[in-house]
Amino acid sequence: MGLKYYILVVAAFVFLSCQQDSNSLTTLYSLPKKLKEVSGITYFPTNNLLWTLEDSGNANSIYGLNSKGEIVKNMTIENTENIDWEDISKDKEGNLYIGDFGNNDNVRQDLCIYKIDKNALENESTIPVYKISFAYPEQKDFPPKKTERFYDVEGFFEFKNNFYLFTKNRSKGFDGTSYLYKVPNAAGFHQAEFMGKFKTCADYNHCAITSASISPDESKVVVLSHDKIWIFENFTGDNFLKGVKTELYLNHFSQKEAICFKNNETLIIADEKTKKIRGKVYEVSLKKLKTKS
C-alpha cells in the first residue's frame, strides 16, 4: 500500500467516523432515497410530521415525513417553479412558506416566497395563497463584485407577520459576514429591509449559513452551518442580532442544510446525501450543546 493511498484511506475513515458518530446528535432516521437534496424542514407537533423540500433542479413539491422517515404526504405546488427552493417555514397558524431565494451567483431578480394554506396540507396539490416577491435595495449590480456577494439566502423564518432572512456569504475572501433582512408577509413586491449583520468565522466550509429557525415561544433564533449553530437569545422585539449570541459546536461535520425547532429546547437537523452516505435527520438538545460548548 503506497503512502498516498494509505493517507486517503485514513482520511476517508476519519471523515466517515465524523459523519456517523457524535456526542451531541441523535440520529432519528435516514431520509428516503427519493429525497437526495433536502434544503429545509419544519415540524408540526400535532401530528408529528416533518415537512421538507428540495432545492434547484428538483420537483415543485413538498413532502411530509412521519416519525420513521417515510413520505406520507407528497404535495405538488401548482403554478410555481422550483428555481432554487432553499428553506421552508411556518407561522403560528400553521400555514407553510416556501423560500425560493437561492441565489448562488447573486444574479437573480425573481426572488420570492410562497404561502401555502394550512387547510390544503391534506391535498395532493395546491396553489399558493399568494406570492411575496422582494429585492435587496443594497444590491445594485447582478452580479456584484466578487468581494460583495452577500445576497444568497438558505435560511429564514416567519415572525409576527414578517420574514427574516439570513444571507449566505458567497464573496471572494469569505470572512463569515451574514446580512439579516426583513420582508413583510404580504402579497406583492417589497424592498427587503436591512436589519444588520454579524460574523460567524472565516472558514467557508464550517461557517457558511445554510438554514435558520425561531423557537415556538419566540425566545430563541438559531442559524446553522455544516458543523455549528449560532443561537441568539435575550433579544427585544426583532432585534435578534442585539441579543446574546452563542456559538455551539455539533462535533459532527456533514452537509447540513436544514434546521427547525421540535420544541423550545430541542432542534431537528437534516443533511443532504453525499456520495454513498444517505442524508439523515437528527435530534439535538440545546441544553446538551451548551453543556459541551
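Values for this structure:
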item	result
Criterion (open to solvent by 70 Å² or more (accessible area, probe 1.4 Å), of a type in the set (S, T, N, Q) and either assigned to a loop (DSSP other than H, G, I, E, B) or under 26 Å from P216 (Cα atoms) (or both)) met by exactly one of S89, S67	S67
Near pairs, Cβ below 6 angstrom, 6+ apart or cross-chain, from the stretch 126-142 (open to solvent by 50 Å² or more (accessible area, probe 1.4 Å)) to any residue that is charged (D, E, K, R)	I127/E78; V129/K115; V129/D117; Y130/K115
So M75, is it open to solvent by 50 Å² or more (accessible area, probe 1.4 Å), touching a helix residue (DSSP H, G or I) at 6+ places or on another chain (Cβ under 9 Å) and either modelled with pLDDT under 95 or farther than 26 Å from Y179 by Cβ (or both)	no
Number of the condition not met by A120 [criteria: (1) of a type in the set (A, V, I, L, M); (2) free of Cβ contacts under 8 Å to residues at least 60 places away in the same chain; (3) touching a Gly at 6+ places or on another chain (Cβ under 9 Å); (4) surrounded by fewer than 22 Cβ atoms within 10 Å (Cβ to Cβ)]	(3)
Number of the condition not met by V221 [criteria: (1) in contact with a Ser or Thr (Cβ under 8 Å, 6 or more places away or on another chain); (2) open to solvent by 10 Å² or more (accessible area, probe 1.4 Å)]	(2)
Subset of the stretch 232-261 (residues that are surrounded by 20 or more Cβ atoms within 10 Å (Cβ to Cβ), under 21 Å from S39 (Cβ atoms) and either among the hydrophobic types (A, V, I, L, M, F, W, C) or in contact (Cβ under 8 Å) with a residue 60 or more places away in the chain (or both))	L250, H252, S254, E257, A258, I259, C260, F261
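The values are calculated or read from the model by the stated rules, or taken from the named source; none is laboratory data. Predicted model, so just to flag it, every value in this text is computed and none were measured. Using ideal geometry, Cβ is built from the backbone for each residue, glycine included, and neighbour counts are taken over all protein chains shown. Heavy atoms of the whole protein, side chains included, go into the accessibility calculation; ligands, DNA and RNA do not. Shrake-Rupley method; radii C 1.70, N 1.55, O 1.52, S 1.80 Å.
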